[in-house]
Amino acid sequence: MAFRKNPPNLPLRNHSRNGGYRVSVIGLLLISVLAPILILATRTSNFVSAGLNGDQSSVSSRIEEIRRRSALEGIEALLPKEVLDLVNSKPERTGPLNLNIVGHKDRSSSWVQEEGRLSSRKSQSYEDAKVASDSGDKNKVGNEEWDGEKTVNGMISQVVEAKDDSKTESNSTDSSKEVGSSVSTWKRDSDTENSDALVRLMRDQLIMARAYANIAQGQGHYDLVRDLKLQIKEHTNVVGDANVDAELPAGAEGKMKSMSALLVEAREKHYENAVMIKKLRAMLQSTEDNARMLKKQSTFLSQLAAKTVPKGLHCFSMRLTVEYHTLSSAEQEFERKEKLEDPDLYHYALFSDNILAAALVVNSTILNAKEPEKHVFHIVTDKLNYGAMKMWFLANLPGDATIEVQNVDDFKWLNSSYCPVLKQLESSSMKDYYFKADQTNPLAAGTSNLKYRNPKYLSMLNHLRFYLPEVFPKLDKILFLDDDIVVQKDLTPLWDIDLNGNVNGAVETCGASFHRFDKYLNFSNPLISENFDPNACGWAYGMNVFDLKQWKKEDITGIYHRWQSLNEDRTLWKLGTLPPGLITFYNLTQPLEKSWHVLGLGYNPAIEESEIETAAVIHWNGNMKPWLEIGMVKFKPYWTKFVKYNHPFLQQCNINE
């Protein structure tokens, strides 16, 4: 039986088909596995490459910053600080560095640098800079003047390259001279808004001229010294006491330019910076020493002026005294004596030896009073001014008000056996403190205790405020006034204020950290520290409401005597009446509204006008009293408006407004 054979190539064809399927499958598998791997590898490579580039960029930035700082250190002695600040803060600006665009804020004087010589105020470079400033782009200027393709960083790069080329020190010096030659003279910026720019500039020039003159003297440059001294003399005469440019004479700007040119000549001598700095420091030290001495002298003279009586006031008192003694005994008495002890009226206590000041207190009070006939003034003065004080009020009665004038020397009960202050005045130590002729020079010894040597602290007129019940035994309440105050409102509401069992009604003067007890009392002494709070609030004499009934109940005068006796050696407080007053009325003072009594017109020029206008009483406490020449002019009108300058005696004694 024969069988048919298959074609010989059939099995081979079937085998190839199966092999092709396998290759396709394997290819698909390879693609699905390798493709993600390739993608991941590519991304990783990019990330690594970016990181390397970032590191390289960071390193380059650091190197550039180091080179930039090194360059700035190399040129900081050559260029002003304003230029260096400009380079640091605005490196992206293009164009060459224009010194006209350096900011002018808070400079001692207004400066501009220009190349070459000192140009006129209307030079082209200045005008270009001004136009650029007005347009909002202060660095860009006209194409005909500037090359806009240079940058500030480019300028720095040139300096850095010069340093990197390892040039010798002599080459660096030559480079410095080159830069120095481009730095021109200083001149006043004509575009400044400061009204005193030229004055301050000229004063700065004087300082530099004196320094250069001193250095040139040591270097043997006598021609330069002569020229500088001549310019200094002319400059000083021109500036004088001017505070603003308007006070300068017409040729001041020309003098400034001449001095500027001479300073450039002096600078070109290339004096060492160390010598210049040393000389300026010596000048600064000398100026500070002079300022300290002048401050001491000013304090001393201020205290001296506060102690003395102006010639006009002395003349005024003498004329009134002479006039008083021409009166008969009947004419020397006041009317309406029956009101002096009426407790239903408004009683004032005024202790003073200044006739004009006392008259003004009474006049201002009556002019602002709603019921003048109910006001009674009890004035106490010393023997020297008793006749003058009575004569003034006899001839110038304040309307329907009642006046009483007493002599403190007539109070026979006020003697050394009763009053500790009078007893202490008999001690040799107190006499030496005040009256010893060979005391140390107060300017050399310091000025801290000058005011406590004022003889007014010895006057019993000052200490009489602690004896009110003895002076006015039949009164229940009284308003105490100093003679350096002015009354601007009706004061009668003060009698209706409830003092809540306290003796003294006063305006407190303390702030966050001043005018507290530790300012007036010595808290290093256990007698003070154990009995008083250092942070207790201080108050002011000058306008005080006293409840005399409560005074007697609390034995206020006895408290005062005890503490005054303990302070015989002046270790508890310095002399004066406020410290013992704070102690005596401790926890017995009722605070009043601040608008009743505004203080500080005798030492504080910063008091607001609105505060003064709304005050019932304004007080010139301090040395600058309104009747003295040292009084502050801005506050004097509040006082002078109550003075009768047309009075014959005032005119004869040259007491003018």
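The values are calculated or read from the model by the stated rules, or taken from the named source; none is laboratory data. Everything numeric in this text was worked out from a predicted model, so none of it was measured. Glycine gets a Cβ as well: all are built from the backbone with ideal geometry, and neighbour counts include every protein chain shown.
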- Item | Members of segment 256-275 that are assigned to a loop (DSSP other than H, G, I, E, B) and either buried (at least 18 other Cβ atoms within 10 Å of the Cβ) or under 36 Å from the mean Cα position of the chain (by Cα) (or both) | Y271
- Task: List every residue pair whose Cβ atoms lie under 8 Å apart, where the two residues are 6 or more positions apart in sequence or sit on different chains, the first residue falls within segment 228-246 and is crowded, with 18+ Cβ neighbours inside 10 Å, and the second residue, located anywhere, is among the hydroxyl-bearing types (S, T, Y).
- Result: L228/Y212; Q231/S258; D245/S195
- Message: Checking L367 against (1) more than 18 Å from F316 (Cα to Cα); (2) surrounded by 19 or more Cβ atoms within 10 Å (Cβ to Cβ), only one condition comes out false. Which one?
- Response: (2)
- Out of A274, A291, A305, A261, report the one residue that is under 13 Å from I215 (Cα atoms) and not hydroxyl-bearing (S, T, Y). A274
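So which residues in segment 473-529 are small (G, A, S) and farther than 30 Å from L340 by Cβ, if there are any at all?
G511, A512, S513, S524, S529
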- Message: Residue under question is L350, and the condition is that it be in the same structural domain as Q406 (by TED's automatic domain parsing), assigned to a strand (DSSP E or B) and surrounded by 13 or more Cβ atoms within 10 Å (Cβ to Cβ); does it hold?
- Response: yes
- Task: Give the residues of segment 527-547 that are in a loop (DSSP other than H, G, I, E, B), over 19 Å from R570 (Cβ atoms) and of a type in the set (S, T, N, Q), sorted by residue number.
- Result: N535
- Just to be sure, is R319 closer than 20 Å to D382 by Cβ and either modelled with pLDDT of 90 or more or surrounded by 13 or more Cβ atoms within 10 Å (Cβ to Cβ) (or both)? yes
- Among residues belonging to segment 370-423 that are touching a residue at least 12 places away in the same chain (Cβ under 8 Å), farther than 18 Å from K337 by Cα and basic (K, R), point out the one that is surrounded by the fewest Cβ atoms within 10 Å (Cβ to Cβ). K370
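Okay, residues lined up against (1) surrounded by 16 or more Cβ atoms within 10 Å (Cβ to Cβ); (2) within 23 Å of S428 (Cα to Cα):
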position: F517; (1), (2): yes, no
position: E530; (1), (2): no, no
position: N535; (1), (2): no, no
position: D547; (1), (2): yes, no
position: K553; (1), (2): no, no
position: W563; (1), (2): yes, yes
position: D569; (1), (2): no, yes
- Return the residue satisfying two criteria in turn: it lies in segment 216-255 and is of a type in the set (S, T, N, Q) and either out of contact with any helix residue (DSSP H, G or I) (no Cβ under 6 Å at 6 or more places or on another chain) or in a loop (DSSP other than H, G, I, E, B) (or both), and of such residues it is farthest from A197 (Cα to Cα). Q219
- What pairs can you find where one residue is in segment 534-558 and touching a residue at least 40 places away in the same chain (Cβ under 8 Å) and within 22 Å of S364 (Cβ to Cβ), the other is of a type in the set (V, I, T) and surrounded by fewer than 21 Cβ atoms within 10 Å (Cβ to Cβ), and their Cβ atoms are less than 6 Å apart, with a gap of 6+ or different chains? A540/T509
- Item | Verdict on L628 being over 30 Å from G501 (Cα atoms) and surrounded by fewer than 20 Cβ atoms within 10 Å (Cβ to Cβ) | yes
- Message: Show the residue pairs meeting these rules: Cβ distance below 8 Å; 6+ apart or different chains; first residue within segment 325-345 and assigned to a loop (DSSP other than H, G, I, E, B) and loosely packed, with under 13 Cβ neighbours inside 10 Å; second residue among the small types (G, A, S) and modelled with pLDDT of 90 or more.
- Response: H325/G387
